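Let me begin by presenting the structure, written as structure tokens, before commenting on it.
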Amino acid sequence: MRLIQFVRCFRALFRKGKLDRDMAEEMRFHLNQSTADNVADGVPADEAHYAALRQFGNVASIQERAREQRGWVWLEYLVQDIGYGVRMLRKNPGFTTVAVLTLGLGIGANTAIFSFVNGVMLKPLPYAEPDRIVRLREALPEAKGSTLVSTLNYLDWEKQNTVFDRLACTDGGRRGSLAGVGAPLLVVVRNVSAQYFDIFNNGVALGRTFALGDDQSGNDQVVILTHVLWQSQFGADPQVIGRSISLDGKPYTVIGVLPQGAWDRKWLPNNSPNFQVFRPLAFTPGEKTRDARWLEVDARLKPGVSIDQAQAQMDTISARLAHAYPDSNKGRGIKVEFFADTIVAPELRQSLYLLLAAVGMVLLIACANIANLTLARGAVREREVAIRASLGAGRWRLVRQFLTESLLLSTGGSIFGLGVGWISLSGLEMMTFSRRLPAVANITMDGQVLLFTLILSVLTGVMCGLPPALQATRPAAMASMKQARSGVSAGRRRQRMRSILVSIEVMLAFALLTGAGLLLRSFFRLQKVDRTVDDPAKVIIAWLPIPEKRFPTPELFLGYFHQIVDRLRALPGVSDVALRVGSSRFFQIAGKPPVDQANRQPCDFMTVTPSFSRLLGERLIKGRLLNDRDVKGGPLVTVINETMARRYFPDEDPIGKRILITDIPFGEQHLSREIPWEVVGVIVDERMAPPRETADHLGVYVTMEQSPQLSNVALVYIRSAIDPSLLRQVIPNAVYERNPEQIVFNIETLDQMNASVMADDRFHLVMFGIFAGVALVLAVIGIYGVVSYSVTQRIHEIGIRAALGANSGNIMGLVLRSGMAPVVLGLVIGLPGVFGLTRFVSSLLFGVGEHDPITIAAVALILAAVALIACYIPARRAAKVDPMVALRCE
Amino acid sequence: MAQKSGLVQGTLDMLVLRVLSRGEFHGWGITQKLEQLSKNALRVEEGSLYPALYRMEEKGWLKSEWKLTEKGQRAKFYALTRTGRKQLEAEKESWGRLTGIIAQVMESP
């Protein structure tokens, strides 16, 4: 039955002409019969025909309704509407071009931003069943955040849980040097437990992943390479399996290469390729502690186990551990999160949503503008509508026709927009957040993005087309063929709708401009922040990874770095060199109520050379700086920063007080005894990077001599007496002379470092600036269009007013008033909206309130001023109207 | 143009089916037959009749054919199909039930 119907309808589509002729003949026959009937009743012949017609009603209209009974008639209409729409759009090439370009830019920007949102947050991770992968962290008491996990806690979780298929852990990765491939190559070396790759379970390209037993001491001299490292450094040699490589001077055997893709993406700053080497993690006896928290723990849920069930069981386990080991675990819980949720920084998530909202608003403004242009054309088309209506077209049919036209426009816009999106995508990825993009983000224009664009295209078409369609097909317009010239009342109504659209545009532009204004002010604030460093353009920082376990004793370690410092200091053009190795240590204040070991705060424990403060020119507030006499064997002294002093010695003089810092013995991982450090000085907070990053750091500085410590990396500070760019090459060479395997990377001046730290702020500002600028231009075009059109329409009225004695000032005022009314209305209505929306940018701001009245007022004024100019041009035209010409142009 | 007596909503299809159950008719014939059967009390509007005919044909209740009338004019004749006949039975039955119920309500004390 269905099939027959389908065939008939399809045939009907192509035999439309014949069917229509049949229908006409059928109705003609009916009329003839009716006429004959009337004649038989004695009505004169011509009278009889008219009587029959009267009785029958509107033939065209009935035919139309009868036609609509056919199935698939909509397809027939669609073909008709598209053909008609294309003709109409071709007849107005100017309008069509402007509309397609405007919508294309709007849709393109949305497509590009959505590609990021999709790639970063919506796409499933490229691992097997990614929704079963979770990350576990130790939770601090009172929801104060979470930390990494200690070895013994990890081992207990693994033993006691029944909710995970398996648990695995990894250290954060450290930088190491891969030798034997020309210059030492900087790689990231990560130690992972044997089952780590089974959690992610996405296979290998070559060889195998780690197996149980690889992580036993003695068997652990094996490594797995990332695909990108294998390709670029080993020439994609399939014989690499079994080959021996040298990492930080020790030999390892390659057993596997990871698959291409997921493990390869950018990971390090500056977009350097992700050269990663994985080693099995074998715990040394010294690492088996409960209080050194250094492990990232990931797990795979058992099939059918929900994350809530896992969380519930881990709560029980953590309570048990806290009871058994109060020294290290009191008050600590366990936090179970989906892995996917942990890899996107909250700031990135927010910034993406914000940008998506902003481009969405730009597109809305573009839609309002197109709707406005279409409305203006609606006046011309009113007659067309009336004719079609009287020929039997229903309202819905006419609305559909209008919508088809705007959908054609938006489809054209989308095609153009896909091109725009494609181009802006690569630009965006380069200039931007790539620093913050998670390793697995895969930004492409895939099927989902295309679907998004398609939906957007339809929505856009409806939004631009529906208001004018409804306006043009009002019953009044459809009924009145006599309205040869668009009457006053109809014109008014249309004008009102256009004014509403202008108000909406102004509201949206107001919000976007305010966002951009706030970001701009915040950016200037950030740049103006008083840096504590003298002449930061002359200070070079270089990163030196410290090879793990290379220095058996602190003396060897200090000796090695002293040699490097001396060598650098001897370079021509270098005026001073300093060194800093930082880490985090728990502390409490001597003479205050003792704090539970599990709940102690960490401070930034920085071991420096005494030259450090001198080199940076840090200002002393109180006491003295560290100096060359603060050596091993002397009294242990520390200089603290302002924040530390304010927070822990609020109403007292910190000088002479002692801070108890839990020591970590040289080369070990576990916490040891508390060591008292006497405070000898207070310096201002370091502000080398933008303040947001360092705002809350509890800084504790000691000399390296008094507390040598191993960390991932040592920072070398060099003050240059000459152009710092001249030293860039010389510095690594001087280091290689001492040790050809020592890596030196990230050589940049403090100024350059600040610029890259502020890259995100600059990016937000640029993006918002562009969006707000486009919004402003579109809104102004909209305002100009409305006012200019209303002047043309009211030319007659203006002529009469001029003839009756209104001077040009009166007329100008009249036009300006009516033009500015919707603008002012938009600003007034928009204000609460702006107050509500700026909440979402507040986290991106520095030193500017989200409701900063100066910014909001300035934006409103600018918007009003620009709108006034847009009104002024047509107003001047109105003022110059010659009454005689205006009255004659009837 | 106005109906001599308002058709109850939704009864047009049933009436047309009923007329056609007596044989083939063209559109004009259906209006005439309906008047005759209702003793001039019912008049169907052409504006409703033709869309209804097309709709019912689309649903497969009617089939149509161009034929010559007695007077030798070409006209489109409609006839019931088998489904159309079933439909008529169904509508008749539900109509009977409905009028019964209404009568019951109206005549209740």
Could you identify the single residue in A:616, A:620 that is in contact with an Asp or Glu (Cβ under 9 Å, 6 or more places away or on another chain), touching a residue at least 12 places away in the same chain (Cβ under 8 Å) and not basic (Lys, Arg)? A:616
When you go through (1) in a strand (DSSP E or B); (2) closer than 30 Å to residue A:874 by Cβ one by one for residue A:719, which number turns out not to apply? (2)
What number goes with the only condition from (1) within 15 Å of the chain's Cα centre (by Cα); (2) among the aromatic types (Phe, Trp, Tyr); (3) within 20 Å of residue A:24 (Cβ to Cβ) that residue B:66 does not pass? (1)
Which listed residue is crowded, with 20+ Cβ neighbours inside 10 Å, more than 24 Å from residue A:664 (Cα to Cα) and in the same structural domain as residue A:257 (by TED's automatic domain parsing), from A:299, A:319, A:312: A:299
Looking only at segment A:132-151, decide whether some residue is of a type in the set (A, V, I, L, M, F, W, C), at pLDDT below 90, buried (at least 16 other Cβ atoms within 10 Å of the Cβ) and under 30 Å from residue A:451 (Cα atoms). no
Tell me, yes or no, whether segment B:1-24 has at least one residue that is without any contact (Cβ under 8 Å) to a residue 60 or more places away in the chain, within 11 Å of chain A (Cβ to nearest Cβ) and in a helix (DSSP H, G or I). no
Cross-chain or 6+ apart pairs with Cβ under 6 Å, segment B:76-88 first and within 20 Å of residue A:22 (Cβ to Cβ), then surrounded by fewer than 20 Cβ atoms within 10 Å (Cβ to Cβ) and aromatic (Phe, Trp, Tyr): B:76/B:66
Unique residue being at pLDDT 85 or above, among the aliphatic types (A, V, I, L, M) and surrounded by fewer than 19 Cβ atoms within 10 Å (Cβ to Cβ) when the list is A:721, A:806, A:755: A:721
Which residue pairs have Cβ atoms under 9 Å apart, sit 6 or more places apart or on different chains, and have a first residue in segment B:52-64 that is under 12 Å from residue B:84 (Cβ atoms) and more than 8 Å from chain A (Cβ to nearest Cβ) and a second that is small (Gly, Ala, Ser) and not in a strand (DSSP E or B)? B:56/B:84; B:59/B:84; B:61/B:84; B:62/B:84; B:63/B:84
Residues A:321, A:363: which one is modelled with pLDDT of 90 or more, over 30 Å from the mean Cα position of the chain (by Cα) and among the hydrophobic types (A, V, I, L, M, F, W, C)? A:321
Looking at residue B:34, is it within 11 Å of chain A (Cβ to nearest Cβ) and under 11 Å from the mean Cα position of the chain (by Cα)? no
Name the pairs whose Cβ atoms lie under 9 Å apart, with the first residue in segment A:128-156 and closer than 19 Å to residue A:327 by Cα and of a type in the set (Lys, Arg), the second at pLDDT below 90 and in a helix (DSSP H, G or I), and 6 or more positions between them or separate chains? A:137/A:342
When segment A:492-521 is examined, which residues are found to be surrounded by fewer than 21 Cβ atoms within 10 Å (Cβ to Cβ) and closer than 23 Å to residue A:763 by Cβ? A:520, A:521
Can you say whether residue A:344 is part of a strand (DSSP E or B), buried (at least 17 other Cβ atoms within 10 Å of the Cβ) and of a type in the set (A, V, I, L, M), as far as the supplied structure shows? no
Restricting segment A:828-854 to residues that are surrounded by 13 or more Cβ atoms within 10 Å (Cβ to Cβ), among the aliphatic types (A, V, I, L, M) and within 28 Å of the chain's Cα centre (by Cα), the residue that is farthest from residue A:768 (Cα to Cα): A:831
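Every residue, every condition in (1) part of a loop (DSSP other than H, G, I, E, B); (2) within 14 Å of chain A (Cβ to nearest Cβ), yes or no:
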site	(1), (2)
B:41	yes, no
B:76	no, yes
B:97	no, no
B:104	no, no
Is one or more of the residues making up segment A:614-637 polar (S, T, N, Q), surrounded by 19 or more Cβ atoms within 10 Å (Cβ to Cβ) and in contact with a strand residue (DSSP E or B) (Cβ under 9 Å, 6 or more places away or on another chain)? no
Please work out if residue B:69 is among the β-branched types (Val, Ile, Thr), farther than 23 Å from residue A:35 by Cα and either facing chain A (nearest Cβ under 9 Å) or surrounded by fewer than 17 Cβ atoms within 10 Å (Cβ to Cβ) (or both). no
Report yes if some residue within segment A:568-575 is surrounded by 15 or more Cβ atoms within 10 Å (Cβ to Cβ), within 27 Å of residue A:666 (Cα to Cα) and of a type in the set (A, V, I, L, M, F, W, C); otherwise report no. yes
Can you find even one residue in segment A:875-883 that is on the phi < 0 side of the Ramachandran plot and under 28 Å from the mean Cα position of the chain (by Cα)? no
So residue A:584 passes all but one of these: (1) in a strand (DSSP E or B); (2) touching a residue at least 24 places away in the same chain (Cβ under 8 Å); (3) closer than 29 Å to residue A:678 by Cβ. Which condition number does it fail? (2)
Out of the residues in segment A:729-759 meeting the condition of being outside any helix (DSSP H, G or I) and out of contact with any strand residue (DSSP E or B) (no Cβ under 7 Å at 6 or more places or on another chain), tell me which one is farthest from residue A:179 (Cα to Cα). A:758
Before we move on, is residue B:91 within 14 Å of chain A (Cβ to nearest Cβ), acidic (Asp, Glu), more than 17 Å from residue A:29 (Cβ to Cβ) and surrounded by 11 or more Cβ atoms within 10 Å (Cβ to Cβ)? no
Between A:378, A:392, which is outside any helix (DSSP H, G or I) and under 25 Å from residue A:60 (Cβ atoms)? A:392
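The values are calculated or read from the model by the stated rules, or taken from the named source; none is laboratory data. What you are looking at is a predicted structure, and each value in this text was computed from that prediction instead of being measured. Positions of Cβ are backbone-derived with ideal geometry, glycine not excepted, and every protein chain shown enters the neighbour counts.
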